[in-house]
Structure formats: C-alpha cells, structure tokens
Amino acid sequence: AAHLDSWDHGQGAVDDGAGVAIISAAARLIRDLPQRPRRTIRILLAGAEENGLHGAIAYAAAHLEDNHIVASESDFGAGRIWRFRTNFSEAALPYARAYQQALAPLLIAPGDNNAGPGPDLIPLRMRTNVPVVELSQDGADYFDLHHTPDDTLDKIDPAALRQNVAAWVTFAYLAAEMDWVYRSPE
C-alpha cells in the first residue's frame, strides 16, 4: 500500500509520492519477469490518507472477505531500507528469517516480530488481522520535509530509491511465490 494524496504545502514527493513510485516500480518489475509468481500481488494506492484514511477504509470494507496473505506499506519517504520487521504467528517465524536472509545482500538487517501496519493498512488489519511486514526506511530527514514546502522531488536520493524497489521486489515476489502461511490457524 501507499497513498496518492499529499499535504498542500509541497509536492508530496516524500509523503507519499516515493511510496507510490516504489511499490509501482516493484510491481512492474515483477510483472515483466519471464516467470510470474503463483499468487496475485495487489497494490493499494489509497486516496485521502491525509484527511482521514478514507481510501483505506473503503478498501477494507470492499475487500473484507478477500484472502489477504500478508500486507505492507511504503509511507516513510525514500530513505534506504535498513531493517525488515514482521508480525507473524510463532509458527511462521522461519519464514521471517527466510525473508531476512534474502534481503541481507541489500544491507537490510533483521528486525523483530512486532511490525505494525502503516496508516493505509490500519483498517484492513483491524478487521482481518492480516499479518504485516515493515520494510523500515531511514527517516532521519523525513520530518524535516514531511508536510512542508520542502517535500519536493529533488529530496529523493535515486540510489536509495533503487534499493527500496529492490527490497520490495524481493519481499513481494517471495510472498506471492511461496505457499507460506503467516497467521495461526483459526
């Protein structure tokens, strides 16, 4: 997930144009592979996050019965991803370690199992308890730019953006290709 709206003072490059670009580029790269993954990858480009999560609420209501396997959101700029966190059942923690190993060449450290949903996933998580992962970005300058006139495209580091896309491709492809289950049987 990512959201399409931004604050009115800037261009919204950091919040959340970068997130939209990252997940869209990752999806396009996966789509163009010679072998597509077995499961569907769904992208949520939510609207009206900034004034009440209206797009996320509408998505959750419309897709309540869908089988969401795992979810994640890119909504913290475009700083390098430095950590991969999960929120899986105890039985699924070996899968978290498999993701962490796959992401290690991108210099992404293992994280804990206490990931929370991003804002655009809160309504879905609350209603379905879908497992979530967090690709933690370096947000050292995020709040210097967030909701300010300085939230412009020139603040995005192309190398960090490429690393984000590579991490999202790795995560999304594995999530869609493997038959892993991340939640406890109900």
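The values are calculated or read from the model by the stated rules, or taken from the named source; none is laboratory data. From a predicted model like this one, the values you see are computed outputs, not experimental measurements. Note that each Cβ is placed from the backbone with ideal geometry, even for glycine, and that neighbours are counted across all protein chains shown. With ligands, DNA and RNA removed, areas are computed over all heavy atoms of the protein, side chains included. Shrake-Rupley method; radii C 1.70, N 1.55, O 1.52, S 1.80 Å.
Things to note:
- Within region 93-121, the set of residues being surrounded by fewer than 17 Cβ atoms within 10 Å (Cβ to Cβ), over 28 Å from Ala159 (Cβ atoms) and touching a residue at least 24 places away in the same chain (Cβ under 8 Å) comprises Asn113, Asn114.
- Within region 129-147, the set of residues being assigned to a loop (DSSP other than H, G, I, E, B) and either in contact with a Phe, Trp or Tyr (Cβ under 9 Å, 6 or more places away or on another chain) or closer than 30 Å to His63 by Cα (or both) comprises Asn129, Val130, Pro131, Asp138, Gly139, His146, His147.
Okay, residues lined up against (1) assigned to a loop (DSSP other than H, G, I, E, B); (2) in contact with a strand residue (DSSP E or B) (Cβ under 6 Å, 6 or more places away or on another chain); (3) more than 23 Å from His63 (Cα to Cα):
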{"site": "Pro149", "(1), (2), (3)": "yes, no, yes"}
{"site": "Ala160", "(1), (2), (3)": "no, yes, yes"}
{"site": "Val165", "(1), (2), (3)": "no, no, yes"}
{"site": "Tyr173", "(1), (2), (3)": "no, no, no"}
{"site": "Trp180", "(1), (2), (3)": "yes, no, no"}
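- From the list Glu177, Glu134, the lone residue that is buried (at least 17 other Cβ atoms within 10 Å of the Cβ) and of a type in the set (Asp, Glu) is Glu134.
- Scanning region 8-62 for residues that are over 24 Å from Asp151 (Cβ atoms), open to solvent by 50 Å² or more (accessible area, probe 1.4 Å) and part of a loop (DSSP other than H, G, I, E, B) yields Asp32, Leu33, Pro34, Gln35, Arg36, Arg38, Arg39, Thr40, Ile41, Arg42.
- Arg125 vs. criteria out of contact with any Leu (no Cβ under 8 Å at 6 or more places or on another chain), among the basic types (Lys, Arg), more than 26 Å from Gln35 (Cβ to Cβ) and not in a helix (DSSP H, G or I): no
- Selection status of Asp32, in contact (Cβ under 8 Å) with a residue 12 or more places away in the chain and out of contact with any Phe, Trp or Tyr (no Cβ under 6 Å at 6 or more places or on another chain): no
- Scanning region 54-70 for residues that are more than 20 Å from Ile22 (Cα to Cα), out of contact with any Leu (no Cβ under 6 Å at 6 or more places or on another chain) and not acidic (Asp, Glu) turns up His54, Ile57, Ala58, Ala61, Ala62, His63, Leu64, Asn67, His68, Ile69.
- Scan of region 72-92 for residues that are open to solvent by less than 30 Å² (accessible area, probe 1.4 Å) and closer than 25 Å to Leu124 by Cα, ordered by number: Ser72, Glu73, Ser74, Asp75, Gly77, Ala78, Ile81, Phe84, Thr86, Phe88, Ser89, Ala92
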